[in-house]
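Notes follow the structure.
The values are calculated or read from the model by the stated rules, or taken from the named source; none is laboratory data. Predicted model only: the values in this text are computed from it and were never measured. Glycine gets a Cβ as well: all are built from the backbone with ideal geometry, and neighbour counts include every protein chain shown.
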Amino acid sequence: MPTPTRVIEISANLDDRTGEEIAAAIEALLAAGALDAWAQPIVMKKGRPGFTLSLLAAEADQVKLARKLLEETGAFGCRYAAKDRLVLERSFETVETTFGNLRVKVGKLDGRTVSHKPEFDDADAAAKKHGVPVRVVLEAAKAVWSASRRDAIK
């Protein structure tokens, strides 16, 4: 059984940043070591539209990433919340498709495959190279991977 891990969710409400600035902040936070980062639209006081920008950090990176969030967004403060999580064991496998070799992320729970997903960046590059929609490449990778696995949930 996988062991739960502790992460810190850090968030700030923003009502004075554009979507482009928020996207840039998310990229900077991920580059600085955030485990994940996202934004959600919200309605703030006085009916102002805004966003909650959130990220997940390892406990050791909490202060560093909170400071980065404040620097990137100009927010006057942020909130912390400790979260326990359970994550699948992850690995990558390469499948050979008519569009080239593509990586597939595989998730296992107690040694049993429960999830698989082609890497989007690989599929996107192959789609552009071959002049086909990315969904066609993604479907091809899924089909090749699934055809060769008996332990997978399909």
Checklist entry - Looking only at residues in the stretch 32-50 that are modelled with pLDDT under 95 and part of a loop (DSSP other than H, G, I, E, B), which one is surrounded by the fewest Cβ atoms within 10 Å (Cβ to Cβ)? => result Arg48
Next on the checklist: For the stretch 123-154, give me the residue count where each residue is in contact with a helix residue (DSSP H, G or I) (Cβ under 8 Å, 6 or more places away or on another chain) and either acidic (Asp, Glu) or under 15 Å from Ser91 (Cα atoms) (or both).
Outcome noted: 2
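Every residue, every condition in (1) within 17 Å of Val144 (Cα to Cα); (2) in contact with a helix residue (DSSP H, G or I) (Cβ under 6 Å, 6 or more places away or on another chain); (3) surrounded by 12 or more Cβ atoms within 10 Å (Cβ to Cβ), yes or no:
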{"residue": "Thr52", "(1), (2), (3)": "no, no, yes"}
{"residue": "Leu56", "(1), (2), (3)": "no, no, yes"}
{"residue": "Ala60", "(1), (2), (3)": "no, no, no"}
{"residue": "Leu65", "(1), (2), (3)": "no, no, yes"}
{"residue": "Leu69", "(1), (2), (3)": "no, no, yes"}
{"residue": "Thr73", "(1), (2), (3)": "no, yes, yes"}
{"residue": "Glu96", "(1), (2), (3)": "yes, no, no"}
{"residue": "Asn101", "(1), (2), (3)": "yes, no, no"}
Checklist entry - What number goes with the only condition from (1) outside any strand (DSSP E or B); (2) in contact with a helix residue (DSSP H, G or I) (Cβ under 8 Å, 6 or more places away or on another chain); (3) loosely packed, with under 12 Cβ neighbours inside 10 Å that Asp16 does not pass? => result (2)
Checklist outcome for this item: Of Lys108, Lys154, the only residue that is part of a strand (DSSP E or B), modelled with pLDDT under 95 and out of contact with any His (no Cβ under 7 Å at 6 or more places or on another chain) is Lys108
Item to check | Close pairs from the stretch 109-135: first surrounded by 13 or more Cβ atoms within 10 Å (Cβ to Cβ), partner acidic (Asp, Glu) and at pLDDT 95 or above, Cβ under 7 Å, at least 6 apart | outcome: Val134/Asp124
Checklist entry - Taking the stretch 77-122 as the search range and keeping residues that are touching a strand residue (DSSP E or B) at 6+ places or on another chain (Cβ under 7 Å) and of a type in the set (S, T, N, Q), which one is nearest to Ala57 (Cα to Cα)? => result Ser91
Checklist entry - Of the numbered conditions (1) touching a residue at least 40 places away in the same chain (Cβ under 8 Å); (2) assigned by TED's automatic domain parsing to the domain that holds Glu9; (3) touching a Leu at 6+ places or on another chain (Cβ under 7 Å), Gly77 satisfies every one except a single condition; which is it? => result (3)
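Among the candidates Leu102, Leu29, Leu53, Leu65, single out the residue that is of a type outside the set (Phe, Trp, Tyr), assigned to a strand (DSSP E or B) and either under 12 Å from Ala12 (Cα atoms) or in the same structural domain as Ala12 (by TED's automatic domain parsing) (or both).
On the way: Leu102 fails: either under 12 Å from Ala12 (Cα atoms) or in the same structural domain as Ala12 (by TED's automatic domain parsing) (or both); Leu29 fails: assigned to a strand (DSSP E or B); Leu65 fails: assigned to a strand (DSSP E or B).
On inspection, the qualifying residue turns out to be Leu53.
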